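Undergrad: Dropping the structure in here first, questions after.
Every read-out reported here was derived from the displayed coordinates using simple, explicitly stated rules and does not represent laboratory data. In this text, all values refer to a predicted model and were calculated from it rather than measured experimentally. All Cβ positions, even for glycine, are placed from backbone atoms using ideal geometry, and neighbour counts span all protein chains on display.
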Amino acid sequence: MWTMDPLIGVEVEMVDNAEMMMGTPDDDGRFGSFGGRFVPEPLIPACLELEAAFKDAWGDPVFVEEYESILHDFGGRPTPITFCRRLSEDLGISLYLKREDLAHTGSHKINNVIGQALLTRRMGKHKMIAETGAGQHGVASATAAALLGLECTVYMGELDTQRQELNVFRMELLGATVVPVTSGSKTLKDAVNEAMRTWVTQVDDTHYCLGSVMGPHPFPWMVREFQRVIGDEAALQSKELGIGTPDYVVACIGGGSNAAGMFAGFADSTAQLIGVEASGGAAITSGSPGVLHGMRSQLIQDDQGQISEAHSISAGLDYPGIGPEHAHLADIGRARYEQAGDDEVLEALQLLASREGIIPALEPAHGLAWILREAGRGIPKGSSVLLNMSGRGDKDVAQVLSILKGRP
Amino acid sequence: MWTMDPLIGVEVEMVDNAEMMMGTPDDDGRFGSFGGRFVPEPLIPACLELEAAFKDAWGDPVFVEEYESILHDFGGRPTPITFCRRLSEDLGISLYLKREDLAHTGSHKINNVIGQALLTRRMGKHKMIAETGAGQHGVASATAAALLGLECTVYMGELDTQRQELNVFRMELLGATVVPVTSGSKTLKDAVNEAMRTWVTQVDDTHYCLGSVMGPHPFPWMVREFQRVIGDEAALQSKELGIGTPDYVVACIGGGSNAAGMFAGFADSTAQLIGVEASGGAAITSGSPGVLHGMRSQLIQDDQGQISEAHSISAGLDYPGIGPEHAHLADIGRARYEQAGDDEVLEALQLLASREGIIPALEPAHGLAWILREAGRGIPKGSSVLLNMSGRGDKDVAQVLSILKGRP
Amino acid sequence: MGISLSERFDALTKEKKKLLIPYIMAGMDDSWLDIVEAVIDAGADAVEIGLPFSDPILDGETIQEAGLLSLANGTTAFSVFAELAKRSLQVPLVVMTYYNIVAHSGHERFAGEAAAAGITGSIVPDLSLEEVGDWQDVARSHGIDSVLLVAPSTPHERTREICARSKGFVYAVARMGVTGEQGALSDDVHGVVSKIRAVPSPPICVGIGVSTPEQAFDVSREADGVIVGSALVRKILDGEGAQGAHAFVSSLREAIDR
Amino acid sequence: MGISLSERFDALTKEKKKLLIPYIMAGMDDSWLDIVEAVIDAGADAVEIGLPFSDPILDGETIQEAGLLSLANGTTAFSVFAELAKRSLQVPLVVMTYYNIVAHSGHERFAGEAAAAGITGSIVPDLSLEEVGDWQDVARSHGIDSVLLVAPSTPHERTREICARSKGFVYAVARMGVTGEQGALSDDVHGVVSKIRAVPSPPICVGIGVSTPEQAFDVSREADGVIVGSALVRKILDGEGAQGAHAFVSSLREAIDR
Ligand SMILES: Cc1ncc(COP(=O)(O)O)c(C=O)c1O
Ligand SMILES: Cc1ncc(COP(=O)(O)O)c(C=O)c1O
């Protein structure tokens, strides 16, 4: 988007609402018509307290410095940008990866939990609870809690605890208690429900460390801010590496935190922002507006407003909702949301492993699958494409083995 | 060690043989009485070619820059130093970790394989073979091969392929071929034998990418050089962080590559260098001099000179030998070698996880176990101790689970 | 047309009568409507009609279980409204559900059909003070009072605002927790009721965790009424049917009228 | 005392006799010494006596298998020397093992006991030109010639040096690979032999992968002798015993004398 500036008489890059893109939500926590704070009254004071504490902390250089230094010294930031030489040649584009897979615990989730754990301590609380699906956010939360000496309880659908026995044990090693959730569909969304139910009983000394840009205000905003380090770093690195502004910035979408963090760094640029959902959990592209887990957003639901379970190859994307800010970005056309299916995702994973020596998590493999499908088609040859490699594939190797080789 | 400098009349830090410590071995590849090149004649020309190629490359700024930039952009270097606040308080020392667990593929092994893969290409070869025990070096080799478009075959004891099915699949995903080795004891040392046997048949187009500071000259030297980035970085970071020279620099010892890389950065300092072997594979502290896999070093062997199998909880330390330079450092007293047993290692792993949010690999947990045992005893209160956290524990979680919970 | 919640409750409260509001999960059982009639016969002043939702974050195990049964029976908001419309029930009916069920139908349609079924009150616990406005306006235009919650954690000023906005009654949350039977009444009850008493409010009904006649009696000494959900639903789940529900609600009635 | 390897081989070569050196893994079988006698009877000019090592990096499957058997039988270098000392064998005996076995005993002791057992030659394949010196000196002082290897990959200058140092004969490695039976002779044979012919050297014996009388014949057209290991060991592993070994070595003898 270029336009003639009447004042200075030269063509300038024009960005709609440059100042407004991915800014602070309004007082009710709205991003356009999405977001808000749809929780029972007992939780409202805790949300208000959290909002105040976050605003205060995020404006406090001492807090920000501690957050940043933990991410650096402990979390392994900055994560690099890797140029995929061989795949780029194959595809006729320039493909770059932002390597969140190299962050401590193996995904971007650590950025958020460090922020929230520090905030927990700052609020004078000494316990954290968290929900988890496949276990990434649970492991990250347990890690941050161990680091800061907080108690940690992780709610995990009973089915997921069985599927992810090793991640359960990992959390236990980190000193956390894992509670199998037996209500509802016994998966991620029920773990969120259960965490909220528990939070009600413990708001005094407990912070609910939500794992994505979802839930009631201020969570979608706060988690995005704790994840924006991804995009801010990437934008700077893109400049330093001579990429400039990438033509496309791509991220997978579960709740949407890695995408939100990445997009935040490029919202005011000319980059096309692409969020890729799992076909079986495509809240934006196949869902409709609704209210769940404290937020108004796009949801997968039946014709009565009952929430559906999401189903894909990737546990981390199996969430029937999406962060409200994404629903808003879709609404105003600032970001585009696409889908990727299980088969092409498996292929993308194998291709990146064998061509570039990086085994991606199944989640970011969705982003890659879209790129592979569209390179030379929707994505013109010669484009620069930056994919957020949100996590490493080690956690998924057993699953991929059993799918590809039919082993149990 | 301080002494009065007669020339300038002030006290200066004195280091024995400062210039000589961990320098280049002699022309026959000796570190003192250890090292050498004890391989059958068919392999000698390949070793000579490699030595020449390495010398040439390591002196070529273009090569070094490519090596460094891959380690940075792809490998995630520099890895940070993490201060363990809670454990330090518990122990009355200042405990720091050099975070090789954050490097791509989860351990320091990547440093070496990137160097050797680049060298393979530079020598005009297009295949790499490698041995692996638990799979870390195999995965790293497959990774580097994928990155540079080399063919890769990994030799792995048949018993190990069964125990480490997921790592086998990981290598396959990365495009490597894994060959189960059925000879001898079907474990790591036999995988080395088999790799050497195969190398003989393919020296023309194949480089043998050895995984530690072992084997015939120039491997022990070359691998140490490719790993010295750990120590060089750590020495610089220690200065920057205000640690100065740590009182103790500790690393676990399998073949000895992570220790050698770390020690290289501190050899000429006053730091006490401590290598910690697994009790069941303690080549220096329980072994005797001998010749295996092309080198003269300390070995675990029976009274006839037959090599014993090493046995410990940690596959990565189950090697009956040790890099020759360590045998030499022990000989001249520059480094000290200690042992840690399975039980204290398991405890160390759990402690670091729950107190600091880092699940270490079983290998570096040996180093930590020694520190935990000696803090306040052999290690005086108030000491600064830098441990090389050579890898992450994810690969070991299933094993630890089955040991601690008696699950299969 | 239904019986106005606010008019009926104001009148009863003026007569110093304690209010009794049993909760029943609609569609959890084929005979749920008979049970509704039975509890009215046993002395309910209003009945809270739960509509099942897949993700009921303010409900504990018992009501979750009832909700899953109801969903498995194919219950929808409109099937419930249609069934209710066939009976003429002599107390105010208060629909209780989560906001997505309301929002998904659209406020106007939901309110219209609810009203046609005789509903005159609504409790949508995930519509907080800040979010409730739109729904409340539409509901009011259909003669439906929307009831808001005050929790033990609600601060004073906010309590005042909520009480000013809550219609029919104000739902005093008895404890920091979700619905579910409790062995003992929470210490929070006293605090939350007196906090509400300190500001102008419609009648104060205490719910969440009030399980036995004894507890109902204790609550009724302080508040204007009690809401009993999980304890009743448990009996229905256990197969006690209309008769068992009748007996239980009679015992509650007796206790609060003591 | 043993029969000098270099003297015997020099003499035979001068007579234009082709040299035949069968390899037997000591201790792989209870009757291994009988087999040694049988192959001598069948025309061996020297016998290579393998001592088992846990990590034989220049050996393929067959000799590995024989080595493991031998180790399982409790064979040690000194048990082998003791057994050999009891027989008086009429050809030079060449011990073949890996350096750790030698080094672990100590050069002096190993050489002394070997010599006492009649050993007059040694092949220690992992002692390269650069490393062999110490051992060679000690060995020589006990009348043991140490044989060095030249490989297809060995460059010209190095070939010259190796040949100058090798005593008794020079071991020409027939192919880039480990010991083991081969269907066909490697193309490398010609190259390695002519490379050695171009420099001064003791008799040239070709080994590694020479498996059949046909191949032995072909090799003997170019070289001074052949070493046959795996093919013979395989027959012993297959239970063919002294008789089978005798027959096989006779056929080799016949072929190279053709
Ligand atoms: C590696 C990885 N990427 C992405 C996600 C999806 O979460 P989000 O959309 O919040 O980034 C997850 C969730 O577990 C994850 O583990
Ligand atoms: C994490 C880790 N540390 C240490 C080692 C031991 O090897 P080295 O002594 O060469 O560093 C290994 C070997 O696999 C390893 O995986």
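Undergrad: With 16 Å as the cut-off, how large is the P(r) tail for region B:299-361, expressed as percent of Cα-Cα pairs? Kindly include the intermediate steps, with their values, before the conclusion.
TA: Values: 1218 of 1953 pairs.
Taking all Cα-Cα pairs of region B:299-361, the fraction more than 16 Å apart is 62 percent.
Undergrad: Given H placed 1.01 Å from N in the peptide plane, which residues other than close sequence neighbours of A:GLY211 have an amide H under 5 Å from its amide H?
TA: The list, which skips near neighbours in sequence, is A:GLU131.
Undergrad: May I ask you to order B:226-233, A:233-240, A:290-297 by the average number of other C-beta atoms within 10 Å around their residues, highest value first? Write down the numbers at each step before the final one.
TA: Values: B:226-233: 24.6, A:233-240: 18.6, A:290-297: 28.1.
Ranking the peptides B:226-233, A:233-240, A:290-297 by packing returns A:290-297, B:226-233, A:233-240.
Undergrad: Per residue and in cubic angstrom, what volume does the convex hull of the Cα atoms of the protein assembly as shown have?
TA: Values: hull volume 284.2 nm³, N = 1332.
In the protein assembly as shown, the Cα hull volume divided by residue count equals 213 Å³.
Undergrad: In whole Hz, what ³J(HN,Hα) sequence does region A:209-225 give by Karplus (6.51, -1.76, 1.60; θ = phi - 60°), x for Gly and Pro?
TA: 8, 6, x, 8, 7, 9, x, x, 3, x, 4, x, 6, 4, 5, 4, 5
Undergrad: Based on the alpha-carbon gyration tensor of region C:14-126 and its eigenvalue square roots a ≥ b ≥ c, which shape applies: rounded if a/c is under 1.5, prolate if not and a/b is larger than b/c, or oblate? Don't skip to the end; give the middle numbers.
TA: Numbers: a/c = 1.41, a/b = 1.29, b/c = 1.10.
It is rounded, given that a/c, with a ≥ b ≥ c, falls under 1.5.
Undergrad: Shifting gears a bit: Per DSSP helix of 4 or more residues, -39500 (n - 2.57); summed, then divided by the residues of chain D. What does that give at 222 nm, rounded to the nearest 500? Kindly include the intermediate steps, with their values, before the conclusion.
TA: Working: 12 runs with 123 residues, N = 258.
For chain D, the value works out to -14000 deg cm²/dmol.
Undergrad: Averaged across A:391-400, how many Cβ atoms of other chains sit within 10 Å of each residue's Cβ atom?
TA: Taking the mean over all residues of the peptide, I get 3.
Undergrad: Using the eigenvalues of the Cα gyration tensor, what equivalent ellipsoid semi-axes result for region A:53-190 when each is taken as the square root of five times the eigenvalue, whole Å, largest first? Intermediate values should be presented prior to the final figure.
TA: Numbers: eigenvalues 160, 114, 30 Å².
Equivalent-ellipsoid dimensions as semi-axes: 28, 24, 12 Å.
Undergrad: Between B:ARG377 and A:LYS55, with labels modelled 7 Å along Cα→Cβ, what's the label distance in nm to one decimal, could you check?
TA: 5.6
Undergrad: Distances from C:ASP187 to the same residue in each other copy, label points 7 Å out along Cα→Cβ, in nm, shortest first?
TA: Nearest first, the other copies' label points are 9.2 nm away.
Undergrad: Let me know the volume per residue of the alpha-carbon convex hull for chain A, in Å³.
TA: Spelled out: Cα convex hull of chain A, divided by residues, is 143 Å³.
Undergrad: What FRET efficiency comes out for C:ALA184 versus C:GLU108 if R0 is 51 angstrom and r is the Cβ-Cβ distance? Round to the nearest 0.05. Could the numbers behind the result be given before it?
TA: Details: r = 44 Å, r/R0 = 0.85.
FRET efficiency, C:ALA184 to C:GLU108: 0.70.
Undergrad: What residue among A:GLY23, A:GLY256, A:GLY321 has the largest mean-square fluctuation in a Gaussian network model of chain A, using Cα springs under 10 Å?
TA: Comparing A:GLY23, A:GLY256, A:GLY321 in a Gaussian network model of chain A, the most mobile one is A:GLY23.
Undergrad: What residue of chain D sits with its beta carbon nearest the rotation axis taking D to C, and at what distance in whole Å?
TA: It is D:ASP55, 31, counting Cβ atoms only.
Undergrad: Could you go through region A:101-108 in sequence order and give the Karplus-derived ³J(HN,Hα) for each residue, using 6.51 cos²θ - 1.76 cosθ + 1.60 with θ = phi - 60°, rounded to whole Hz, and x for Gly and Pro?
TA: Once rounded to whole Hz, the list reads 5, 8, 5, 3, 6, x, 7, 5.
Undergrad: Right, another one. Which of the aspartates and glutamates could a cross-linker bridge to B:LYS127, judged by Cα under 20 Å and excluding same-chain residues fewer than eight apart?
TA: A:GLU356, B:GLU49, B:GLU51, B:GLU66, B:GLU151, B:GLU172, B:GLU194, B:ASP204, B:ASP205
Undergrad: Which percentage, to the nearest 5, of the DSSP beta bridges contained in region A:69-201 is antiparallel? Spell out each step's value before the answer.
TA: Working: 3 of 14 bridges.
So the antiparallel bridges amount to about 20 percent of the total.
Undergrad: Right, next: Output the antiparallel fraction of DSSP beta bridges having both residues in the protein assembly as shown, as a percent to the nearest 5.
TA: Numbers: 36 of 159 bridges.
Of those bridges, close to 25 percent are antiparallel.
Undergrad: At 7 angstrom along the Cα-to-beta-carbon line, where would the label on B:LEU48 sit relative to the other copies? Give the distances in nm, shortest first.
TA: 8.5
Undergrad: Placing one identical point scatterer on every Cα of region D:94-224 and ignoring solvent, what is log10 I(q)/I(0) from the Debye formula at q = 0.12, 0.17 Å⁻¹?
TA: Ignoring solvent entirely, the Cα scatterers give -0.46, -0.88.
Undergrad: Based solely on its DSSP helices, what 222 nm [θ] is calculated for chain B when runs of n ≥ 4 H residues each add -39,500 (n - 2.57) and the sum is averaged over all residues, nearest 500 deg cm²/dmol? Write out the running numbers ahead of the final one.
TA: Working: 14 runs with 167 residues, N = 408.
It comes out at -12500 deg cm²/dmol, rounded to the nearest 500.
Undergrad: Okay, next question. Once you've got the GNM for chain A with C-alpha springs shorter than 10 Å, pick whichever of A:VAL200, A:VAL213, A:VAL113 has the biggest mean-square fluctuation.
TA: Fluctuation is largest for A:VAL200.
Undergrad: Which order do D:LYS14, C:LYS18, C:LYS167, A:LYS98 fall in if you start with the one that has the fewest other Cβ atoms within 10 Å?
TA: Values: D:LYS14 9, C:LYS18 23, C:LYS167 20, A:LYS98 31.
Exposure proxy ranking, most exposed first: D:LYS14, C:LYS167, C:LYS18, A:LYS98.
Undergrad: Here's a follow-up. Taking the Kirkwood radius as the inverse of the mean 1/r across Cα pairs, report the Rg/Rh of region A:142-259.
TA: 1.05
Undergrad: For region C:170-223, compute Rg over Rh where Rg is the Cα radius of gyration and Rh is the Kirkwood radius from the inverse mean 1/r over Cα pairs. Before the final figure, lay out each step's value.
TA: On the way: Rg = 10.4 Å, Rh = 11.1 Å.
Rounded to two decimals, Rg/Rh equals 0.94.
Undergrad: Please arrange B:MET156, C:MET96, D:MET1 by how many other C-beta atoms lie within 10 Å of their C-beta, fewest to most.
TA: Details: B:MET156 32, C:MET96 28, D:MET1 8.
The fewest-first ordering by Cβ neighbours comes to D:MET1, C:MET96, B:MET156.
Undergrad: Considering the Cα trace of chain C, what is its radius of gyration and what is Dmax, both in angstroms?
TA: Calculated on Cα positions, Rg and Dmax stand at 16.3, 44 Å.
Undergrad: Give me log10 I(q)/I(0) at q = 0.15, 0.32 Å⁻¹ for region C:86-132, Debye formula, one equal scatterer per alpha-carbon, no solvent.
TA: -0.40, -1.25
Undergrad: Against the globular-protein guess of 2.2 N^0.38 Å, express the Cα radius of gyration of region D:1-41 as a ratio, rounded to two decimals. Display every interim value, and only then the final one.
TA: Details: Rg = 12.8 Å, N = 41, 2.2 N^0.38 = 9.0 Å.
Working it through for region D:1-41, the quotient is 1.42.
Undergrad: Another question about this same structure. Using the per-residue mean of other Cβ atoms lying within 10 Å as a proxy for protection, in what order, highest first, do the peptides C:176-183, A:170-177 fall? Write out the running numbers ahead of the final one.
TA: Working: C:176-183: 20.8, A:170-177: 23.1.
Highest mean packing first, the order is A:170-177, C:176-183.
Undergrad: When 1/r is averaged over all different Cα pairs and the result inverted, which Kirkwood radius in Å belongs to region B:218-350? Present the calculation step by step, with values, prior to reporting the outcome.
TA: Working: mean 1/r = 0.0660 Å⁻¹.
Roughly 15.2 Å, rounded to one decimal.
Undergrad: Take D:SER141 and A:ARG85, extend 7 Å from each Cα along the Cα→Cβ direction, and tell me the distance between the two endpoints in nm.
TA: 5.5
Undergrad: While we're here: Would you list A:TYR337, A:TYR208, B:TYR319 from fewest to most Cβ contacts within 10 Å? Don't skip to the end; give the middle numbers.
TA: Values: A:TYR337 23, A:TYR208 27, B:TYR319 31.
If I rank by nearby Cβ atoms, fewest first, I get A:TYR337, A:TYR208, B:TYR319.
Undergrad: Turning to a different aspect of this structure: Return the average number of partner chain Cβ atoms within 10 angstrom of each residue Cβ along peptide C:115-128.
TA: Values: counts 0, 0, 0, 0, 0, 0, 0, 0, 0, 3, 5, 12, 6, 12.
Counting Cβ atoms of other protein chains within 10 Å of each residue's Cβ and averaging gives 3.
Undergrad: Label points 7 Å out from Cα along the Cβ direction at B:LEU236 and D:GLU222: separation in nm?
TA: Result for the modelled spin labels: 5.4 nm.
Undergrad: Could you compute the FRET efficiency for C:PHE78 and C:LYS14, with r as their C-beta to C-beta distance and R0 at 45 Å, rounded to 0.05? If you can, show how the numbers build up before the last one.
TA: Values: r = 36 Å, r/R0 = 0.79.
The value I calculate is 0.80.
Undergrad: Let me confirm one metric for peptide B:209-220, namely the mean number of other chain beta-carbon atoms within 10 Å of its residues' beta-carbons.
TA: Details: counts 0, 0, 0, 0, 0, 0, 0, 3, 1, 0, 0, 0.
Partner-chain Cβ atoms within 10 Å, mean over residues of B:209-220: 0.
Undergrad: Take every Cα-Cα distance within region A:332-408, group them into 10 Å bins from 0 onward, and report for each bin the whole-number percent of pairs it holds.
TA: 18, 48, 26, 8, 1
Undergrad: Using only the Cα atoms of region B:52-101, each taken as one equal point scatterer with no solvent, compute I(q) by the Debye sum, divide by I(0), and report log10 of the ratio at q = 0.13, 0.26, 0.30 Å⁻¹.
TA: -0.52, -0.91, -1.00
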